[in-house]
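Notes to accompany the following structure.
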Amino acid sequence: MITEIDAADMLTLSAAARLDKGMPSNRQIASAKLYASEMLARVTDAAVQVHEGMGLMDDLPLERFWRDARVERIWDRTSEIQHHIISRDLLRPLGA
């Protein structure tokens, strides 16, 4: 889980560095947002699994994190929009 969190952090820092240098960074930003939201779902799923039945009880904040992670993937179709931005950035130079 920590490896995925670190990877999301590195993608975010890489996109921010490109933005700070004034370089085109739409694809990198979209990639960081997409990976982070999908990673959040995977990590919270794994954390719930580790805690078994207690992971979905109101006694732990994990249940709220798990619900919030699910909403992040579907809120305003965030993942789909990021996929569109990434593919557009990759295909536009090819004339598509």
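Here are the numbers for this structure:
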{"item": "Residue match in region 25-40 (condition: over 11 Å from the mean Cα position of the chain (by Cα), of a type outside the set (Lys, Arg), part of a loop (DSSP other than H, G, I, E, B) and at pLDDT 85 or above)", "result": "yes"}
{"item": "Test for residue 12: is it in contact with a Lys or Arg (Cβ under 9 Å, 6 or more places away or on another chain), of a type in the set (S, T, N, Q) and under 26 Å from residue 87 (Cβ atoms)", "result": "yes"}
{"item": "Residue in region 28-36 that is of a type outside the set (Ser, Thr, Tyr) and surrounded by fewer than 16 Cβ atoms within 10 Å (Cβ to Cβ) present", "result": "no"}
{"item": "Single residue of region 61-96 satisfying the filter (out of contact with any helix residue (DSSP H, G or I) (no Cβ under 6 Å at 6 or more places or on another chain) and over 27 Å from residue 28 (Cα atoms)) that is surrounded by the fewest Cβ atoms within 10 Å (Cβ to Cβ)", "result": "61"}
{"item": "Cβ-Cβ under 6 Å pairs, at least 6 apart or on other chains, region 7-26 side free of Cβ contacts under 8 Å to residues at least 24 places away in the same chain, far side part of a helix (DSSP H, G or I) and of a type in the set (Lys, Arg)", "result": "25/18"}
{"item": "Region 45-61, residues that are part of a helix (DSSP H, G or I) and farther than 18 Å from residue 4 by Cα", "result": "52, 53, 54, 55, 56"}
{"item": "Residue 64 being part of a helix (DSSP H, G or I), of a type in the set (Lys, Arg) and at pLDDT 85 or above", "result": "no"}
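The values are calculated or read from the model by the stated rules, or taken from the named source; none is laboratory data. Worth saying up front: this structure is predicted, and the values here are computed from it rather than measured. A quick note on method: Cβ atoms are made from the backbone with ideal geometry, for glycine too, and the neighbour counts reach across all protein chains shown.
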